[in-house]
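Inspection log for the structure reproduced underneath, given as structure tokens.
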Amino acid sequence: MRCGEHTIGLFQGMFEDNIMIFNPGWDQQSNSLDNFTDVRNLLADFKAKGIETVQECVTGDNGPASFSIKDPDGNAILIDQHV
């Protein structure tokens, strides 16, 4: 669902609980960006700040990868890079 530059994805039955997803490397229309912070750099930064991850699916030096954390209320936040 889109309103101007904002995109909200609605998924019924795909995820067990509430989840917020961020996609490094994509713009609001899922087009690849030339410049962005790679998910691996984000993961290293989160860990350096003591933020505990729940799941990590990171291989190689670039390309698709993801990790997730929980917010203070227990909601999942997924950082999911596709490019």
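Computed from phi, the 3J(HN,Hα) profile of segment 11-26 under the Karplus parametrisation 6.51, -1.76, 1.60 (θ = phi - 60°) reads 10, 9, x, 7, 10, 5, 10, 4, 8, 10, 10, 10, 10, x, x, 10 Hz, with x in place of Gly and Pro.
Extension gain for Leu78-Asn41 works out to 11.8 nm (0.36 nm per residue, less the C-alpha to C-alpha distance). Note on the chain: GNM, Cα springs under 10 Å; of Gly63, Gly50, Gly25, the largest mean-square fluctuation is that of Gly50.
Counting Lys and Arg as +1 and Asp and Glu as -1 over every other residue whose Cβ lies under 14 Å from the Cβ of Ile51, the net charge comes to -1. The residues neighbouring Ala65, those whose beta-carbon lies less than 13 Å from its own, together hold a net charge of -3 under the Lys/Arg +1, Asp/Glu -1 convention. Computed on the Cα atoms alone, the convex hull of the chain gives a volume of 116 cubic angstrom per residue.
Each of the peptides 9-22, 36-49 was scored by the mean count of other Cβ atoms within 10 Å over its residues; in descending order, highest first, they stand as 36-49, 9-22. How far, in nm, would the chain grow between Val54 and Arg2 when pulled straight, counting 0.36 nm per residue and subtracting the alpha carbon separation? So the chain would gain 15.8 nm between Val54 and Arg2.
Along segment 70-75 the Karplus relation, 6.51 cos²θ - 1.76 cosθ + 1.60 evaluated at θ = phi - 60°, assigns HN-Hα couplings of 10, 7, x, 8, x, 7 Hz to successive residues, with x for each Gly and Pro.
Using just its DSSP H runs of length 4 or more, each adding -39500 (n - 2.57), the chain gives a mean residue ellipticity at 222 nm of -3500 deg cm²/dmol after division by all residues.
Values in this text are rule-based calculations from the coordinates and carry no lab data. None of these values were measured; they are calculated from a predicted model. FYI the Cβ positions are ideal-geometry reconstructions off the backbone, even for glycines, and counts take in every protein chain you see.
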